[in-house]
């Protein structure tokens, strides 16, 4: 067994981990090691062959692989260990890693950066008001991200006639990809009365490719070989009401051989839990302050492991901010956060970070809880902005300077949204 | 007559837990034995979709149902077997059995609870039966004591009956038994459903026609689950007491391993549903840390439909919450599954599959469909007895000298290993450093070993290694597993299936659909491998590798229960 003591250990080499590693090095951390469980670095980006990356970070239009390649090239003497998986993280920052090349390694870094990203919600975890997805357990029921890897990296198309459940970004992007591969996409469903992903994907993936959309619909049952020893043959879909309960009489059978589930991303915090990092039930990720630090000193977190971001550019930028603070922590120069609470107010689903200080800038990311027209986002008494149209899938980013923060009158910062519901709840 | 696929002394038909148990039992002796199974792998039907109770029959025997079966004359001599044979012996046998076979079993204890006064009465009847069996137990109506054992139990609890029992992943049993039988020379033919059986008077043996060829056998063990009546009919045996195959759809829901510790024992609600004798829903801590809640009960004539229903799952959830109110369903649910428990008989009695006897039509044809008595090791004893009655000598003279009862375990091998052991594994084979299942830490080396032990499908790999059962439910591992299967079996990935039949996962290659005239490929037979180096090791070597656990603490229950009295009861 090997023992290593780098300055910073980064868990994950995606757009969060790599950006953080590179910036930490630039900010003065001497030895930076990145742990990656897959065969190659990049996290999820190698399979995101669509463009739309880098628009704000590089001011270019790049594909996922091109975007992450820029960071890999900047990595310099940051050590990236592939085929290496963190097995344990303890509250004293000891990390046990199983590495194909090196065997077992126990790291005791000065600081840890959690950048493990997220996973997809599987079929069995769909627990909403419509209840569980019933029916037989045949082949051909897959989550969108899994099929993205299958198509884009391994060169396999799961089926020929697709039904896509969930209008999140990955579902919409894969809908377009399946059409480009010659398959038929029968439709995209969403249980809510509005699209679950970015507007630009709605246009570039669904409208441009004439893919039918059925809002306020969901799937009830999967059909196929009775014992499950066969392929999917169809699904029963149904309309839902305001409480998202099935409307009797609206059931419809759709013949398809593949049902793609794009029903949510969940931050992956097994290791965080192991270490006793406090998690936020609203996001599924660690509670962090304006430095990206968790409740355990020296354990920082960035990227989708904290909360699901919309855009890789935002992931990289906020990860770099956290890395700067991590470097300061390593040098013994990080003054603790004042931990003034940031709370979600009316019509806001969640806000990150959870704490701030008045003497450091803070970048707030939030999601509203419904779709609104003529919306106004308010941050305490210190910031206000209008949006003609806003919805949960379009994350809002607000950066506040210390000057602005010092004007806060209350003991906590409440972020709220006011507007006209596009569809009543 | 087709080609001769095999010629054996004893042919076992059906590769579920019963068939594999029979195969392993027979592999101790110097007979030529083989298994035929209609699917591509063992344990594919009810054997993998049940509560995973080992030794559960102790409580089952102690219920009204057992009494009614006895009253009705049972279906054979097996009707009372559990009561005679299994009470004490199998408890210690069970530990040894699972250790030898490398089955991930743990002593979860088995707690029956009563949540109302009617159930408390039934609990007392059960306790009386256990007393008659000289079976150790703890019975208490002290709510504080019950909460000490199970802190999260409902406040409504009125009584609890605690037994020394255990639990395991149900699919481990057919797999482990099959592999050990193969280690000892037994053969197997998969994707070989039986189409006809005839008795050849001149050769004094059976001719068994299957989808892949014919087999000649001197003895047949009919372990085909609810397919057994169809096979028995082929030799003119109407299986007395069996009227029509019906079944009950039983559904389960699984919560992820953040739920480890919510219950300390298997906790089952005493019979209710308004139907006496039907036990309630059970909350089961699984060896991997997950929690399963099940099962629902929906009588059905369509015994082939194995899916889940909204109502069934909601039933499991609401009943589970009756027992353990704090179950975090929406936060932790990851999977649902179902099985069909075959029921034979016209009395609507739940789970009366009780046959273990030679056929009256041909004494060399043994029906072995003993169902729903848990995965009890004790069945093997009675099977041996029945085979002897059928004329097959199973004694010293025909025992193999080199019988090896030890099957090296595979499930979650890397995840369970100590850090030093993990280091050794990676040094031995760097594929132990290639994580395939990130939720359960299963590596490529284990996937390859599973394929070398006979897996030809994703589910086959999943059941042997424990992958795909965590929070992401295969989203990460599936593409990798499909690729490894294709590579190790030498087939295109477009032919790799989820669970046999036509359940291919990746149907087409990239851009194939853009060409003219794409055909959907037909599924074809894939020969399972059985060339694991580990399974070639001798008994001596494997015994050294197997740690000897102390047997003396096998009465201890998890949750801090004191040792139980052997012959008495201990009441508070």
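Test of understanding: among A:10, A:32, which residue is more than 18 Å from residue A:318 (Cα to Cα), at pLDDT 95 or above, surrounded by 24 or more Cβ atoms within 10 Å (Cβ to Cβ) and more than 14 Å from chain B (Cβ to nearest Cβ)?
A:32
With respect to residue A:191, determine if the residue is in contact (Cβ under 8 Å) with a residue 60 or more places away in the chain, more than 9 Å from chain B (Cβ to nearest Cβ) and surrounded by fewer than 24 Cβ atoms within 10 Å (Cβ to Cβ).
Against the criterion (in contact (Cβ under 8 Å) with a residue 60 or more places away in the chain, more than 9 Å from chain B (Cβ to nearest Cβ) and surrounded by fewer than 24 Cβ atoms within 10 Å (Cβ to Cβ)), residue A:191 qualifies.
Can you name every residue in region B:418-448 that is in a loop (DSSP other than H, G, I, E, B), over 18 Å from residue A:101 (Cα atoms) and either more than 8 Å from chain A (Cβ to nearest Cβ) or in contact with a strand residue (DSSP E or B) (Cβ under 6 Å, 6 or more places away or on another chain) (or both)?
B:418, B:440
Mind listing just one residue for me: the one in region A:373-423 that is touching a residue at least 24 places away in the same chain (Cβ under 8 Å) and in a helix (DSSP H, G or I) and, of those, surrounded by the fewest Cβ atoms within 10 Å (Cβ to Cβ)?
A:402
I'd like to verify a number: residues in region A:83-106 that are assigned to a loop (DSSP other than H, G, I, E, B) and either buried (at least 21 other Cβ atoms within 10 Å of the Cβ) or at the interface with chain B (Cβ under 10 Å from one of its Cβ atoms) (or both), how many?
4
Sort out which residues of region A:126-166 are in a helix (DSSP H, G or I), facing another protein chain (nearest Cβ under 7 Å) and touching a residue at least 12 places away in the same chain (Cβ under 8 Å), and write them in order of number.
A:145, A:146, A:149, A:151
Filter region B:449-460 for residues that are under 18 Å from residue B:483 (Cβ atoms) and either in a loop (DSSP other than H, G, I, E, B) or within 12 Å of chain A (Cβ to nearest Cβ) (or both) and give the result.
Scanning region B:449-460 gives B:455, B:456, B:457, B:458, B:459.
Across region A:76-90, what is the total count of residues that are at negative phi and touching a strand residue (DSSP E or B) at 6+ places or on another chain (Cβ under 8 Å)?
10
Please go through region A:172-182 and pick out each residue that is within 14 Å of another protein chain (Cβ to nearest Cβ) and surrounded by 24 or more Cβ atoms within 10 Å (Cβ to Cβ).
Once the filter is applied, which keeps residues that are within 14 Å of another protein chain (Cβ to nearest Cβ) and surrounded by 24 or more Cβ atoms within 10 Å (Cβ to Cβ), region A:172-182 yields A:174, A:178.
Tell me which residues, restricted to region A:318-345, are part of a helix (DSSP H, G or I) and either touching a strand residue (DSSP E or B) at 6+ places or on another chain (Cβ under 8 Å) or buried (at least 23 other Cβ atoms within 10 Å of the Cβ) (or both).
A:318, A:319, A:321, A:322, A:323, A:325, A:326, A:327, A:329, A:330
Could you check region A:107-125 and list, in sequence order, the residues that are part of a strand (DSSP E or B) and facing chain B (nearest Cβ under 8 Å)?
Across region A:107-125, the qualifying residues are A:119, A:120.
Name every residue in region B:463-481 that is without any contact (Cβ under 8 Å) to a residue 40 or more places away in the chain, within 25 Å of the chain's Cα centre (by Cα) and within 12 Å of chain A (Cβ to nearest Cβ), in order of residue number.
B:468, B:472, B:474, B:478, listed by residue number.
Does residue A:123 fit the bill of being surrounded by fewer than 22 Cβ atoms within 10 Å (Cβ to Cβ) and under 21 Å from the mean Cα position of the chain (by Cα)?
Here the answer is no, as residue A:123 does not meet what is asked.
Need the failing condition index for residue B:283 against (1) outside any strand (DSSP E or B); (2) farther than 17 Å from residue A:133 by Cα, just the number.
Unmet for residue B:283, out of (1) outside any strand (DSSP E or B); (2) farther than 17 Å from residue A:133 by Cα: (1).
Name the residues in region A:246-279 that are assigned to a helix (DSSP H, G or I) and more than 14 Å from chain B (Cβ to nearest Cβ), would you?
Scanning region A:246-279 gives a single hit, A:275.
From the set of residues in region B:108-134 that are in a loop (DSSP other than H, G, I, E, B) and in contact with a helix residue (DSSP H, G or I) (Cβ under 8 Å, 6 or more places away or on another chain), which is surrounded by the fewest Cβ atoms within 10 Å (Cβ to Cβ)?
Here the residue is B:133.
Could you identify the single residue in B:176, B:188, B:181 that is assigned to a strand (DSSP E or B) and closer than 25 Å to residue B:526 by Cβ?
B:188
Taking the stated definitions as given, is residue A:5 surrounded by fewer than 17 Cβ atoms within 10 Å (Cβ to Cβ), on the phi < 0 side of the Ramachandran plot and touching a helix residue (DSSP H, G or I) at 6+ places or on another chain (Cβ under 7 Å)?
no
Listed here are the residues, each with its yes/no results for (1) at pLDDT below 95; (2) in contact with a strand residue (DSSP E or B) (Cβ under 9 Å, 6 or more places away or on another chain); (3) closer than 15 Å to residue B:12 by Cα; (4) surrounded by 16 or more Cβ atoms within 10 Å (Cβ to Cβ).
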site: B:197; (1), (2), (3), (4): no, yes, yes, yes
site: B:203; (1), (2), (3), (4): yes, yes, no, no
site: B:208; (1), (2), (3), (4): no, yes, yes, yes
site: B:211; (1), (2), (3), (4): yes, yes, no, no
site: B:214; (1), (2), (3), (4): no, yes, yes, yes
site: B:217; (1), (2), (3), (4): no, yes, yes, yes
site: B:225; (1), (2), (3), (4): yes, yes, yes, yes
site: B:232; (1), (2), (3), (4): yes, yes, yes, yes
site: B:237; (1), (2), (3), (4): yes, yes, no, yes
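Residues of region A:171-185 being part of a helix (DSSP H, G or I), closer than 21 Å to residue A:45 by Cβ and touching a strand residue (DSSP E or B) at 6+ places or on another chain (Cβ under 8 Å), which ones?
A:171, A:172, A:174, A:175, A:178
I'm checking my understanding of the structure. Among residues of region A:226-241 that are under 17 Å from residue B:303 (Cα atoms) and crowded, with 21+ Cβ neighbours inside 10 Å, which one is farthest from the chain's Cα centre (by Cα)?
Here the residue is A:227.
Residue by residue, here is whether (1) closer than 27 Å to residue B:281 by Cβ; (2) in contact with a helix residue (DSSP H, G or I) (Cβ under 7 Å, 6 or more places away or on another chain); (3) modelled with pLDDT under 60 holds:
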| site | (1), (2), (3) |
| --- | --- |
| B:79 | yes, yes, yes |
| B:92 | no, no, yes |
| B:136 | yes, no, no |
| B:152 | yes, no, no |
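Taking region A:223-241, which residues are assigned to a strand (DSSP E or B) and within 8 Å of chain B (Cβ to nearest Cβ)?
The answer is A:231, and nothing else.
I'd like to check something: does region B:257-277 contain any residue that is within 11 Å of chain A (Cβ to nearest Cβ) and either more than 24 Å from residue B:114 (Cβ to Cβ) or at pLDDT 90 or above (or both)?
Looking through region B:257-277, at least one residue is within 11 Å of chain A (Cβ to nearest Cβ) and either more than 24 Å from residue B:114 (Cβ to Cβ) or at pLDDT 90 or above (or both).
With the requirement that a residue be at pLDDT 95 or above and part of a loop (DSSP other than H, G, I, E, B), what does region A:62-82 give you?
A:78, A:82
What residue, among those in region A:295-307 that are over 16 Å from the mean Cα position of the chain (by Cα) and crowded, with 24+ Cβ neighbours inside 10 Å, is farthest from the other protein chains (Cβ to nearest Cβ)?
If we take residues in region A:295-307 being over 16 Å from the mean Cα position of the chain (by Cα) and crowded, with 24+ Cβ neighbours inside 10 Å, then A:300 is farthest from the other protein chains (Cβ to nearest Cβ).
The values are calculated or read from the model by the stated rules, or taken from the named source; none is laboratory data. Everything numeric here is computed off the predicted structure, so don't read it as measured data. Note that we place each Cβ from the backbone using ideal geometry, even for glycine, and neighbour counts take in every protein chain shown.
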